[in-house]
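The structure appears below as structure tokens.
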Amino acid sequence: MKSDYKIKEETAKLEVQIEKKIVERLLKMEKYSKHTVSELTNTALKRFISQHNDFMPPEEIGVR
């Protein structure tokens, strides 16, 4: 759903290095979908985190 991409909570800045091809694709997705790169990235990272609890310390599993 399109509303799933809207950022609804407090935000913070994070500087990261991302492969150039990924950046280019995100910019194309932003233009086509009308969602900001921040919204697309936020949604993608939420999905990644939900699938990779093995990267989280045990005391953080289940915390949202």
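No value in this document is a laboratory result; all are computed from the given coordinates. Computed from a predicted structure; not experimentally measured. Every residue, glycine among them, receives a Cβ derived from its backbone with ideal geometry; neighbour counts consider all protein chains shown.
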Neighbours by Cβ (under 7 Å, 6+ apart or cross-chain): first from region 17-41, outside any helix (DSSP H, G or I); second of a type outside the set (Gly, Ala, Ser):
35/5; 36/30
Output the number of residues of region 3-16 satisfying the condition of being touching a residue at least 24 places away in the same chain (Cβ under 8 Å) and more than 15 Å from residue 44 (Cβ to Cβ).
1
Are any of the residues in region 34-47 of a type in the set (Asp, Glu) and within 13 Å of the chain's Cα centre (by Cα)?
yes
